[in-house]
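The values are calculated or read from the model by the stated rules, or taken from the named source; none is laboratory data. Everything numeric here is computed off the predicted structure, so don't read it as measured data. For neighbour counting, all protein chains shown are included, and Cβ atoms are generated from backbone atoms with ideal geometry for every residue, glycine included.
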Amino acid sequence: MKQNREYSFDILRAISMIMVIIIHVSNIYCRKYGFISSNSYVFSLIFNTISRVSVPIFFMISGALLLNRPFDKSKYIKRIIKFIILIIAWDIIYLIWEYLYLGITYNKLYMLLITPYRAHLWFLYTIIVLYLIQPILKYILDKANRLIKISLFILWSILCTLSMYNYTIAQVFTIFCYIGYFVIGYYLYKYIKNQNLNKYNSTAIFMLLISYTASIYLNYKASFQFNMFYNNFFAYRAPYIILCSFILFILIYNWFHLFKPNKVIMFFSDISIGVYLIHGIFLDITTKVFDYSKINALIGVPVFTIIIFACSIISVYILRKSKVLSKIL
């Protein structure tokens, strides 16, 4: 067991891992707008919105851990190689899986250099960019003064907001949005790790609830106004989701950074990337076997999330027994 392991990050990873599956299950409901009851749509929207903090938190954890450490060239190279292997392996796995199980063929293999075959694999393509520029970010953070750092944060916040309303800005700014989470994770961790913020818990929880409520309401209102599934207000660059991500990151860290969770939590944390990668297979199986639209989202989202989560965990646990297959998990 690592002596300097941040156990609060284990809890954050475990929570975020489950939330990612909730997003993908609730997305199936949300995209059936008009074919499911308004009641079911609202519940799916609530589950979807609440879980949107998961991806920003994953980026913030990475930034907190990597940018706070001295740059290690050997580990840097190994990390890049590891993620290149993951990208190639899982693009191939899903190519074969969809051909054999769904009967889908793909003729644009050259596009895999810049675009993931399976939508959820975008995370690997993005995180490897952040890992590649880690030395540059580390150098800038070490050299920049406080005024420059604050100015960059303000600029990032403004661009996040503008990108919600301007498609061109959104397309150009997307990668910078995730770079921002990566860097802010570093700053939040650096600030809160030696602070006792318990006196702010009530205020933070109140702000979290208000932000979530606002995001849910705005998406709900826009959906019925435009008569379609509308998700701009819980995009990862949306102000309310940004605020919720920061607050939850701080709260969980503050509550658990001195707490040593049991081995189950650490196991969930360690297999989080494997579950993230493999859960798409079980999402395909459940959507082919069951008609989600016939089950209210209030029941369907939790039930299908548990099924997919359990199947993913069992699969990763078994596959990790193999020295070869463990390399892609």
For Val275, indicate whether it is among the hydrophobic types (A, V, I, L, M, F, W, C), surrounded by fewer than 16 Cβ atoms within 10 Å (Cβ to Cβ) and either at pLDDT 90 or above or more than 20 Å from Val20 (Cα to Cα) (or both). no
Go through segment 100-148 residue by residue and tally those that are in contact (Cβ under 8 Å) with a residue 12 or more places away in the chain, closer than 20 Å to Phe59 by Cβ and not hydrophobic (A, V, I, L, M, F, W, C). 9
Candidates Ile169, Ile241, Ile210, Ile158, filtered to the one that is among the aliphatic types (A, V, I, L, M), in contact (Cβ under 8 Å) with a residue 24 or more places away in the chain and part of a helix (DSSP H, G or I): Ile241
Count - residues of segment 221-238 that are assigned to a helix (DSSP H, G or I) and within 22 Å of the chain's Cα centre (by Cα): 3
Within segment 263-290, residues closer than 22 Å to Arg5 by Cα and small (Gly, Ala, Ser) come out as Ser269, Ser272, Gly274
Check Leu121, Leu113 and return the single one that is surrounded by fewer than 11 Cβ atoms within 10 Å (Cβ to Cβ) and over 20 Å from Pro70 (Cβ atoms). Leu113
Where Arg13 falls short, out of the listed (1) in contact with a Gly (Cβ under 9 Å, 6 or more places away or on another chain); (2) closer than 30 Å to Lys260 by Cβ: (1)
Identify all residues within segment 292-325 that are surrounded by fewer than 15 Cβ atoms within 10 Å (Cβ to Cβ), more than 22 Å from the chain's Cα centre (by Cα), in a helix (DSSP H, G or I) and not aliphatic (A, V, I, L, M); write none if there are none. Lys294
Matching residues in segment 85-124 - criterion: being touching a helix residue (DSSP H, G or I) at 6+ places or on another chain (Cβ under 6 Å), farther than 15 Å from Leu283 by Cα, assigned to a loop (DSSP other than H, G, I, E, B) and charged (D, E, K, R): none
Take the conditions under 23 Å from the mean Cα position of the chain (by Cα), modelled with pLDDT of 90 or more and within 16 Å of Ile179 (Cβ to Cβ) and apply them to Leu86. Does it pass? no
Test of understanding: among Ala238, Ala222, which residue is small (Gly, Ala, Ser), surrounded by fewer than 19 Cβ atoms within 10 Å (Cβ to Cβ) and more than 30 Å from Leu319 (Cα to Cα)? Ala222
Within the bounds of segment 275-291, is there any residue that is within 30 Å of Ile192 (Cα to Cα) and not in a helix (DSSP H, G or I)? no
Assess whether Tyr106 counts as being surrounded by 12 or more Cβ atoms within 10 Å (Cβ to Cβ), closer than 22 Å to Cys177 by Cβ and of a type in the set (Phe, Trp, Tyr). no
Going through (1) at pLDDT 90 or above; (2) crowded, with 16+ Cβ neighbours inside 10 Å; (3) not acidic (Asp, Glu) one by one, Leu329 fails only at (1)
Is it fair to say Asn201 is part of a loop (DSSP other than H, G, I, E, B) and not hydroxyl-bearing (Ser, Thr, Tyr)? no
